[in-house]
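> Handing you a structure now.
The values are calculated or read from the model by the stated rules, or taken from the named source; none is laboratory data. This structure is a prediction, so every number in the text was calculated from the model and none was measured. Note that each Cβ is placed from the backbone with ideal geometry, even for glycine, and that neighbours are counted across all protein chains shown.
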Amino acid sequence: MNHMSQAMTGVTVDQMKMQARGVDVFYGAGAAGRSAADMAADKSVTHAIKAVDVDIADNTVTAFIGPSGCGKSTFLRVLNRMNDTIDGCRMTGKVTLDGEDINDPKVDPVQLRAKVGMVFQKPNPFPKSIFDNVAYGPRIHGLASNKADLADIVEKSLRRAAIWDEVKDRLQAPGTGLSGGQQQRLCIARAIATSPEVLLMDEPCSALDPIATAQVEELIDELRTRFSVVIVTHSMQQAARVSQKTAFFHLGSLVEFDDTTKIFTNPSDPRTESYITGRIG
Ligand SMILES: Nc1ncnc2c1ncn2[C@@H]1O[C@H](COP(=O)(O)OP(=O)(O)OP(=O)(O)O)[C@@H](O)[C@H]1O
């Protein structure tokens, strides 16, 4: 975001939770250590993200929109280093969380993912009880000092994910036995149990019916009072309903990033306008 749009939106750099600068991502790039120019020139390599700069503000829902294959999910995974788990996926550029470089060798990616949590498209509860699904993160990160403390974290997380009333009498039942919408809220509870600072959501409602979608959207609005939320969505209506900032990606580039109302009512770039009016995508 340039200084002019910061002035227009009233968001200043010091309120930024995360910043990405000059980020490129390549698939099929082989061994680490190649320069961005070398990988970009290699026809056998997919250049999925091209020189992207993004600022993620605190207490804000930021939506990533754009046609299929434009790189939304790839860029989302840049923000908590999930691409590290994909063979041959290489990233160049810089991403910071509270000013700290998340790719610095001293950063433990597991700790980073506790701070920058993720919810996936398909609800993916562990084959464990409802309680143990939510207790998993706090246990591995040593966040509870005793059993009562852990039970408290589990209850608070399930309450914040708006599913406590539905599961409080069956915490030992398997998480996989819940409905799709309940499983997704359980996965949100699991992601927020480690008190993340940023929550990444990759099309979190695409497997849900309209009622469960409305519940998750309401929850997203509630969650942003505590932290930043970044959501990838195919639904422009959803982006307009839940987000304050919208980033439009096309062919791996960030075409436009601005207030959601501006993107949907008066976009600056003709490609954004074509997408939101259904002419491309
Ligand atoms: N694991 C992978 N290996 C190789 N190429 C990949 C991989 N994942 C994504 N890509 C490629 O990177 C580009 C961006 O894909 P990405 O999934 O990030 O797009 P997207 O905008 O999220 O798409 P969709 O909306 O369809 O989910 C595409 O060309 C895709 O084929």
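> Here is a check on your reading of the model: is LYS50 more than 20 Å from ALA114 (Cβ to Cβ), within 13 Å of the ligand (Cβ to nearest atom), out of contact with any Cys (no Cβ under 9 Å at 6 or more places or on another chain) and not small (Gly, Ala, Ser)?
yes
> Before we move on, is GLY88 assigned to a loop (DSSP other than H, G, I, E, B), touching a strand residue (DSSP E or B) at 6+ places or on another chain (Cβ under 7 Å) and in contact (Cβ under 8 Å) with a residue 60 or more places away in the chain?
yes
> Here is a further query. Collect the residues in region 210-238 that are away from the ligand (no atom under 16 Å from the Cβ), part of a helix (DSSP H, G or I) and of a type in the set (A, V, I, L, M, F, W, C), keeping them in residue-number order.
ILE211, ALA212, ALA214, VAL216, LEU219, ILE220, LEU223, listed by residue number.
> Given the residues VAL54, VAL95, VAL107, which is the only one that is in contact with a Phe, Trp or Tyr (Cβ under 7 Å, 6 or more places away or on another chain), at pLDDT 95 or above and either among the small types (Gly, Ala, Ser) or not in a helix (DSSP H, G or I) (or both)?
Checking each option against the conditions leaves just VAL54.
Let's see how each residue does on (1) within 16 Å of the ligand (Cβ to nearest atom); (2) within 25 Å of GLN183 (Cβ to Cβ); (3) surrounded by fewer than 21 Cβ atoms within 10 Å (Cβ to Cβ):
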residue	(1), (2), (3)
VAL78	yes, no, no
ASP87	yes, no, yes
THR92	yes, no, yes
THR96	no, no, yes
ASN103	no, no, yes
VAL116	no, yes, no
VAL119	yes, yes, no
LYS122	yes, yes, yes
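> Given the criterion within 22 Å of GLN121 (Cα to Cα) and over 15 Å from the mean Cα position of the chain (by Cα), identify the matching residue among GLY181, GLY278.
On inspection, the qualifying residue turns out to be GLY181.
> Would you check if there is a residue in region 247-267 being at pLDDT 95 or above and at positive phi?
Within region 247-267, one or more residues are at pLDDT 95 or above and at positive phi.
Okay, residues lined up against (1) more than 19 Å from the chain's Cα centre (by Cα); (2) of a type outside the set (Lys, Arg); (3) at positive phi:
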site: ARG77; (1), (2), (3): no, no, no
site: ASN80; (1), (2), (3): no, yes, no
site: ASP98; (1), (2), (3): no, yes, yes
site: GLY117; (1), (2), (3): no, yes, no
site: PHE120; (1), (2), (3): no, yes, no
site: ARG139; (1), (2), (3): yes, no, no
site: LEU143; (1), (2), (3): yes, yes, no
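> Out of the residues in region 228-255 that are buried (at least 18 other Cβ atoms within 10 Å of the Cβ) and touching a Lys or Arg at 6+ places or on another chain (Cβ under 8 Å), state the one that is farthest from CYS187 (Cα to Cα).
VAL255
> While we're here: Do we find that PRO67 is within 16 Å of the ligand (Cβ to nearest atom), surrounded by fewer than 18 Cβ atoms within 10 Å (Cβ to Cβ) and either free of Cβ contacts under 8 Å to residues at least 24 places away in the same chain or over 15 Å from VAL198 (Cα atoms) (or both) in this structure?
yes
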